[in-house]
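The values are calculated or read from the model by the stated rules, or taken from the named source; none is laboratory data. This is a predicted model, so every value here is computed, not measured. Don't worry about glycine lacking a Cβ; one is built from the backbone with ideal geometry, like all the others, and counts go over all protein chains shown.
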Amino acid sequence: MMTELENWTLIEGLDDWVGLAFIDARTRRMAPSADDGQREQQVASVASSLVSQGLMDAGTVQEHVGFVAWEGPREGWSDRIRAEIESGDIDSWGWGIWLTLTEAGEQVAAELLPTRDAT
C-alpha cells in the first residue's frame, strides 16, 4: 500500500514531470512541524520507493531536450537519490532530480484519480 505522498506524486506525474522540490513542498504542507532532515528523509523515501517499484523514472530536465532518464541500472537509482539528497541542499537536489511516470506508473496513477460518476 502506498503512502498519501506517493499517491500525490503519481497523480502529479500525470500532468508533468515532478521535481523533488515539489515533493519537498508538499511534505512541508502535510507535516509543517517536520525539520529539514525529516523532510529530506521523506522525500528520499518517496522518490526511492516509486523508482524501485518501477512506477517512475529518475533523471534530469535539460533545456531544449526535456526529461532525460539517468543512465545505468534502475537498482542503483534509489541509492543515488539518497546520496544526492544527503550531500546537497534543496537548490541542488530539489531542482536537479526529476521524476517521470513509467507506463506502469501511468496506469496506477490513473486508477488513483477520483471517478467522475459520483454525483
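So how many residues does region 67-102 have that are out of contact with any Phe, Trp or Tyr (no Cβ under 8 Å at 6 or more places or on another chain) and surrounded by fewer than 17 Cβ atoms within 10 Å (Cβ to Cβ)?
18
Would you say residue 107 is out of contact with any helix residue (DSSP H, G or I) (no Cβ under 9 Å at 6 or more places or on another chain), surrounded by 10 or more Cβ atoms within 10 Å (Cβ to Cβ) and within 22 Å of residue 4 (Cα to Cα)?
The answer is yes for residue 107.
Each row is one residue, and each column tells you yes or no for (1) modelled with pLDDT of 95 or more; (2) among the β-branched types (Val, Ile, Thr); (3) closer than 19 Å to residue 12 by Cα.
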| site | (1), (2), (3) |
| --- | --- |
| 55 | yes, no, yes |
| 61 | yes, yes, yes |
| 75 | no, no, no |
| 82 | yes, no, no |
| 87 | no, no, no |
| 97 | yes, yes, yes |
| 108 | yes, yes, yes |
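State all residues of region 31-46 that are in contact with a helix residue (DSSP H, G or I) (Cβ under 8 Å, 6 or more places away or on another chain) and surrounded by fewer than 14 Cβ atoms within 10 Å (Cβ to Cβ); if no residue qualifies, say none.
31
Taking the condition of being surrounded by 19 or more Cβ atoms within 10 Å (Cβ to Cβ) and charged (D, E, K, R), how many residues in region 47-65 meet it?
Matching residues across region 47-65 total 1.
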